[in-house]
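The values are calculated or read from the model by the stated rules, or taken from the named source; none is laboratory data. Please read these numbers as outputs of a predicted model, since none were measured by experiment. Using ideal geometry, Cβ is built from the backbone for each residue, glycine included, and neighbour counts are taken over all protein chains shown. Side chains included, ligands, DNA and RNA excluded: accessible areas come from the protein's heavy atoms. Shrake-Rupley method; radii C 1.70, N 1.55, O 1.52, S 1.80 Å.
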Amino acid sequence: MREQSRDQYQAIAERLLSANHVVVSTGAGVSKESGVPTFREADGLWSKFRPEELANVDAFIRNPERVWEWYQWRRDLISKVKPNPGHYALVELDTLLNRFTLITQNVDNLHQVAGNEYVVELHGNIQRNKCHKCSKFFEEGSIVFEQGSLPKCDCGGLIRPDVVWFGEMLPEDAIQTAWIAAESCDIFLSIGTSAVVYPAAQLPYIAKDAGAFLVEINPEVTELSPLTDISIREASGVALPKIVAALKDL
Ligand code: NAD
Ligand code: ZN
């Protein structure tokens, strides 16, 4: 068993080294070892909260105070955590490999904190804010919550976290970059995502259709698993440093 998995790491490292373009797509699982809860697991956020009351536009219009309360709680939680060995291994991959595109569904900014300079953020970033009406951006710390009132833009619109809610379009430039990368890569790694939220979940299918080698890193089987060439059933904070080590050994 151990031998077999060592072979798998070596096979992935060889593919990475010979690839012209490597694409990595991450989800909440990559941040779990940092202490950020995932969504859909038994101990995830959705077992404690009702997402339909929190992560959608109607919820914000109906009850912006409640939605802000949830995001302030998550923002506070995320501000206290640090990247884990999985995040740092992805920074190393970026420096070791020819062409490397990192796409994430995460909004926690941990890839950037670890040192990945360019990250395609499909679902926004919880640290940023924007006006719900005119989309003007507001830096963290530049908005004020006064007693009994929520922060507003000059245009009168309510300010909200710059994340993508259910039913909303993804940022056009991010989705376009991700699509082109998936179509043109030689190897695609899907890491720490349950692979059910579209359109992000479509990216590995696009890559596979275009001939890419597909790797999944996730302790659990997902809907994507039957399609993958190699599935590593380990935590990303364990598996990714092993991939970096195998790459350095080549
Ligand atoms: P998800 O909760 O649906 O799935 C998480 C996946 O990670 C599961 O398949 C689980 O088996 C796997 N996992 C658990 N521990 C792992 C580990 N140590 N290493 C590798 N994999 C592990 O999350 P998702 O697929 O990212 O869902 C997408 C939505 O959730 C997005 O909208 C995203 O913005 C949002 N989200 C983001 C964060 C964050 O920014 N950290 C946290 C929760 C949810
Ligand atoms: Zn505005």
Fill in the blank from the handout: Among helices (runs of 4 or more DSSP H) entirely within the stretch 50-127, at least 2 residues that are within 23 Å of I187 (Cβ to Cβ), within 16 Å of ligand 1 (Cβ to nearest atom) and of a type outside the set (K, R) occur in 85-96, 110-114
Completion exercise
Scanning the stretch 136-166 residue by residue, those in a loop (DSSP other than H, G, I, E, B), within 22 Å of the chain's Cα centre (by Cα) and away from ligand 1 (no atom under 16 Å from the Cβ) turn out to be E139
Practice task
Would you check if there is a residue in the stretch 80-99 being open to solvent by less than 20 Å² (accessible area, probe 1.4 Å), among the small types (G, A, S), touching a residue at least 24 places away in the same chain (Cβ under 8 Å) and in contact with an Asp or Glu (Cβ under 7 Å, 6 or more places away or on another chain)?
Solution key: yes
Handout entry: Positions within the stretch 159-169 being of a type in the set (A, V, I, L, M, F, W, C), surrounded by 16 or more Cβ atoms within 10 Å (Cβ to Cβ) and touching a residue at least 40 places away in the same chain (Cβ under 8 Å), in sequence order
Key = V163, V164, W165
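Quick grid of which residues meet (1) modelled with pLDDT of 95 or more; (2) more than 17 Å from the chain's Cα centre (by Cα); (3) farther than 18 Å from N20 by Cβ:
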{"site": "L189", "(1), (2), (3)": "yes, no, no"}
{"site": "L214", "(1), (2), (3)": "yes, yes, no"}
{"site": "I217", "(1), (2), (3)": "yes, no, yes"}
{"site": "L227", "(1), (2), (3)": "yes, yes, yes"}
Exercise for the section: Looking for whichever is basic (K, R) and within 16 Å of ligand 2 (Cβ to nearest atom) here; the options are K82, K133. Which one fits? Expected result: K133
Practice task
Can you work out which of the residues in the stretch 187-204 that are part of a loop (DSSP other than H, G, I, E, B) and surrounded by fewer than 19 Cβ atoms within 10 Å (Cβ to Cβ) is farthest from ligand 2 (Cβ to nearest atom)?
Solution key: V196
Handout entry: Restricting the stretch 211-224 to residues that are charged (D, E, K, R) and in a loop (DSSP other than H, G, I, E, B), the residue that is least open to solvent (accessible area, probe 1.4 Å)
Key = E220
Completion exercise
Picked from the stretch 225-250 (must be assigned to a loop (DSSP other than H, G, I, E, B) and within 15 Å of ligand 1 (Cβ to nearest atom)), the residue nearest to T26 (Cα to Cα) is A235
